[in-house]
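**Student:** I'd like to ask you about the structure that follows.
The values are calculated or read from the model by the stated rules, or taken from the named source; none is laboratory data. Predicted, not measured: the structure shown is a model, and the values here were computed from it. Here the Cβ positions follow ideal geometry from the backbone for every residue, glycine too, while neighbour counts run over all protein chains shown.
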Amino acid sequence: MLEAIKPSKKTIFLYLLFPITAFVFTVFFPLLAAIFYSFFEWKNGPTKTFNGIANYIQLFHDATFWKAFGNNIYLVVACLVGQIGIAFILVLFVNSKLAVTKGIHRTFGFFPSTISAVCVGMIWSMVYHNQYGILNWFLKSIGHPELCKVWLNDTANIMLYVSIPLIWQYIGYYMVILFSAIAGIDQQIFESAEIDGANALQTAIHITLPMIRNTMLVCITLCIAGNMKAFDNIYTMTKGGPGTASMVMAMYGYKISFEQFNMGYGSAISVGIFVLSLLVIGGSQGLIKKATKRMED
Amino acid sequence: MKKLIALLMAVAVMAIACTALASTPVAATELAYKGELELMHFSTSEESEGNGGSDGFRTTLAAWKEAHPDVTLTENVLANAEYKTQIATLAAAGNLPDVFLLQGMNTIAWAEQGLVLDLTDKIAASPYYADYNTAYFTPFTSNGKIYGYPVLTGGTCTVVIYDKAMWAEAGYDAFPSTWEEVEKASEYFNSKNIYTVAFGNGGQWQLNSDFVSTLGNRYTGPEWFANLIAKGGAKFTDPEFVACLKETKRLFADTKLFNPDYNAVTNEDAREYYIAGNAASFIGGNWDESYIAATLLASDEAKFNNIGFAVLPQPADATKAPNSQNIGLGYAVAINPKVAEDPDKLAAAIDLAQELTGPAFSSYCAENYALGGLTKVSDVDLSKFDAITAAFYNWSYVDTETCEIYDSYISSAVWSVLNTEMQAMLNGEIEPEKVAEDTQKAYEENY
């Protein structure tokens, strides 16, 4: 960089001072505090008693926590396929020469991701409602009332039903990211592929996907991180029920901390969520990099 | 123009009249304290619309502020759910406000940790003590010491609201007193595609507060729960309580008495089934009763006039208290012990607590809503209320036997486990014995 326009170290420091301070106070300190408090028994009041790693031993043996972790992994897989997979297919459709009113598709596709998660949860609670829901109404209308059920009380499939609103909400978000990535690919490459006789599927798999690999990696990371901390939609729809069938880790941490007022164990759960999320995100990135490297080789 | 002036004058007169109505006289005690006093509560203006306890609280508070202009009352008003979270967080940080509302189940833990002031002597010295309904102090008592003035109105948590006309069509003059009869009646209602009883447990707490708390008393009697509170050896795994859980499971999972979505909808949804005529009865709390009555009065007067009230029917194998319903005051005005460092400030806080729960509050609620609070009001004139309000007053305070509300006591950690597992139990995923075992484990670990 030219010396004339390069800012001084003092200027850079001043520019970074506020965001770094904000980050440290809102993310780093609370994390450190959670780690610190996780070594205490701290229930229903200010009295804290140091109990070593007792909270972590309890966490290790806590079946509900591991069930919640399993539900988060279910959400991650469902949303990777549902959010990014469907978004990618829709982007290819909208980008095709045959598609018209592309702008409208982009706007309306993105629209659900602008709605607050609680509103999305409420909308879908109404969709699933046993008496007044559009889903049961539709089933009755097409002559299949035997298929009607109390959707949000179906323990076996509840995770699927709470995943659908999450998928619906964020398809547009990933569509926008993928649109911009695909727009950056030189059109001549697609034209060459077309001349060479590649069909749409072959173009998508062998040209588009490798060309937007880095963007895809960002999308996958965002999707995993987002779903490891899923909370609000599910809380609005089922509160983790029936029983603990749709419990996710963040909701379990909330319940322990703010319904059972067990702050020490709640802190241990928060640390557990942090560590498991890092492992899942890091592990998935490693896997993707390995897979893409093998493809390149 | 004249019309406009007349209209404006009429509006002004009405506004003055409404202001005059919405006031209640508090004792104008001379207070030496001049300064700030913090108060945290959950009687929001939205909550006070149609809710007699909240309206009475706000009205009495306004009168107290007017009577004591030298005390600057700093209010922090939150909706109930947010209040519970925030007050617990402040307690965990040891930073409670000067005056706040203490939930019964937190009394023992917070008293042990010195978060609430012992008010035993102050309460005994209260000028209104003779009129207090002393039974309401029980949830706020620990080791013989009282830590709060029970506040708001004492309302039932378990009432069966039924449509007399619908039940008459089914051949019943009144709501049945046993579940066997209700099951028999359900054959008629099911043939008409009408839910016999509407219930909503989507929030998980409703089955405990609005059902099991009363049904349990039918099996165990009040001594068992008193023993449980006193850590006297009673257990959730005791056969009487397990029998209550088994009966609960049977009624919900093995019969067709309830709306099939009882585990997915809230009480707010379920009461709409009753209002819409899709259900012949509904089980809920006093807050549901006031909503149903107000809605039907505005929309369907004939159905409003057909409202009947009943206690929970008696199970065949239960032997105790068939006429009981759980009623009480879940919160009390409590004072931060730090306030006692300034005797004048403490006197102001005590005066505020006394007035918020005293005759000014109780008279206002009795006269305007036919509801009772800590301070008894003699000769409530029911003649100026409609028949349904009067009937509910008599049902709540005169005609029925009372029992405790489970989650006013013990610990939220215990109820959180019971509520979550009972929801799964109703779906047949967990047996009543296991629910009892897990709840007992939570009780031993947290209480």
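**Student:** Any residue that is of a type in the set (D, E, K, R) and either modelled with pLDDT of 95 or more or over 30 Å from A:PHE258 (Cα atoms) (or both) - is there at least one of those in region B:39-57?
**Tutor:** There is no residue in region B:39-57 that is of a type in the set (D, E, K, R) and either modelled with pLDDT of 95 or more or over 30 Å from A:PHE258 (Cα atoms) (or both).
Quick grid of which residues meet (1) within 14 Å of another protein chain (Cβ to nearest Cβ); (2) in contact with a Lys or Arg (Cβ under 6 Å, 6 or more places away or on another chain); (3) touching a residue at least 12 places away in the same chain (Cβ under 8 Å):
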residue: B:THR237; (1), (2), (3): no, no, yes
residue: B:LYS246; (1), (2), (3): no, no, yes
residue: B:LEU257; (1), (2), (3): no, no, yes
residue: B:PRO260; (1), (2), (3): yes, no, no
residue: B:TYR273; (1), (2), (3): yes, no, yes
residue: B:ASN278; (1), (2), (3): yes, no, yes
residue: B:PHE304; (1), (2), (3): no, no, yes
residue: B:PHE309; (1), (2), (3): no, no, yes
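**Student:** Of all helices (runs of 4 or more DSSP H) completely enclosed by region A:132-199, which ones contain at least 3 residues that are free of Cβ contacts under 8 Å to residues at least 12 places away in the same chain and either out of contact with any helix residue (DSSP H, G or I) (no Cβ under 6 Å at 6 or more places or on another chain) or buried (at least 17 other Cβ atoms within 10 Å of the Cβ) (or both)?
**Tutor:** Values: elements: A:134-141, A:158-183, A:187-195.
Once the helices (runs of 4 or more DSSP H) in region A:132-199 are filtered for at least 3 residues that are free of Cβ contacts under 8 Å to residues at least 12 places away in the same chain and either out of contact with any helix residue (DSSP H, G or I) (no Cβ under 6 Å at 6 or more places or on another chain) or buried (at least 17 other Cβ atoms within 10 Å of the Cβ) (or both), what remains is A:134-141, A:187-195.
**Student:** Taking region A:227-268 only, how many residues are without any contact (Cβ under 8 Å) to a residue 60 or more places away in the chain and among the hydroxyl-bearing types (Ser, Thr, Tyr)?
**Tutor:** Here the count works out to 2.
**Student:** Right, here's the next one. So in region B:112-129, with the set limited to residues that are part of a helix (DSSP H, G or I) and at pLDDT 95 or above, which one is farthest from the other protein chains (Cβ to nearest Cβ)?
**Tutor:** Per the criteria, the residue is B:TYR129.
**Student:** Any idea which of B:LYS303, B:LYS246 is in a helix (DSSP H, G or I), in contact with a strand residue (DSSP E or B) (Cβ under 7 Å, 6 or more places away or on another chain) and surrounded by fewer than 22 Cβ atoms within 10 Å (Cβ to Cβ)?
**Tutor:** Exactly one of B:LYS303, B:LYS246 is in a helix (DSSP H, G or I), in contact with a strand residue (DSSP E or B) (Cβ under 7 Å, 6 or more places away or on another chain) and surrounded by fewer than 22 Cβ atoms within 10 Å (Cβ to Cβ), namely B:LYS303.
**Student:** Does A:GLY241 satisfy being modelled with pLDDT under 90, surrounded by 22 or more Cβ atoms within 10 Å (Cβ to Cβ) and of a type outside the set (S, T, N, Q)?
**Tutor:** In short, yes.
**Student:** While we're looking at this one, here's another question. Mind checking whether some residue in region A:33-45 is within 14 Å of chain B (Cβ to nearest Cβ), surrounded by 11 or more Cβ atoms within 10 Å (Cβ to Cβ) and on the phi > 0 side of the Ramachandran plot?
**Tutor:** Checking region A:33-45: at least one residue is within 14 Å of chain B (Cβ to nearest Cβ), surrounded by 11 or more Cβ atoms within 10 Å (Cβ to Cβ) and on the phi > 0 side of the Ramachandran plot.
**Student:** Residue under question is B:VAL160, and the condition is that it be in a loop (DSSP other than H, G, I, E, B) and either touching a Cys at 6+ places or on another chain (Cβ under 7 Å) or β-branched (Val, Ile, Thr) (or both); does it hold? Don't jump to the end; show me each part of the working.
**Tutor:** On the way: in a loop (DSSP other than H, G, I, E, B): no; either touching a Cys at 6+ places or on another chain (Cβ under 7 Å) or β-branched (Val, Ile, Thr) (or both): yes.
Considered against the rule, which asks whether it is in a loop (DSSP other than H, G, I, E, B) and either touching a Cys at 6+ places or on another chain (Cβ under 7 Å) or β-branched (Val, Ile, Thr) (or both), B:VAL160 comes out as no.
**Student:** Something else about it: So B:PRO97 ticks every box in (1) within 14 Å of chain A (Cβ to nearest Cβ); (2) under 29 Å from B:LEU371 (Cα atoms); (3) buried (at least 17 other Cβ atoms within 10 Å of the Cβ) but one. Which box is left unticked?
**Tutor:** Result: B:PRO97 passes all but (1).
**Student:** Considering region B:163-200 alone, what residues qualify as being crowded, with 16+ Cβ neighbours inside 10 Å and in a loop (DSSP other than H, G, I, E, B)?
**Tutor:** Listed by number, the residues that qualify are B:ALA170, B:TYR172, B:PHE175, B:PRO176, B:ILE194, B:THR196, B:PHE199, B:GLY200.
**Student:** On to the next question. Restricting to region A:258-292, name every residue that is closer than 20 Å to A:LEU80 by Cβ and either surrounded by 14 or more Cβ atoms within 10 Å (Cβ to Cβ) or over 19 Å from the mean Cα position of the chain (by Cα) (or both).
**Tutor:** Passing the criteria: A:ILE273, A:LEU276, A:SER277, A:VAL280, A:ILE281, A:SER284, A:GLN285, A:ILE288, A:LYS289, A:LYS290, A:ALA291, A:THR292.
**Student:** In this structure, is B:PHE309 in contact with a Gly (Cβ under 6 Å, 6 or more places away or on another chain) and either under 25 Å from B:GLU47 (Cβ atoms) or surrounded by 24 or more Cβ atoms within 10 Å (Cβ to Cβ) (or both)?
**Tutor:** When the stated conditions are applied, B:PHE309 does not pass them.
**Student:** Criterion first (part of a helix (DSSP H, G or I) and either free of Cβ contacts under 8 Å to residues at least 12 places away in the same chain or farther than 16 Å from A:ILE220 by Cβ (or both)) does A:VAL91 satisfy it?
**Tutor:** no
**Student:** On to the next question. Right, B:THR402: more than 14 Å from every other protein chain (Cβ to nearest Cβ) and buried (at least 19 other Cβ atoms within 10 Å of the Cβ) or not?
**Tutor:** Taking the combined requirement at face value, the residue satisfies it.
**Student:** Taking into account only those residues within region B:48-94 that are surrounded by fewer than 17 Cβ atoms within 10 Å (Cβ to Cβ) and of a type in the set (Val, Ile, Thr), which is farthest from the other protein chains (Cβ to nearest Cβ)?
**Tutor:** B:THR72
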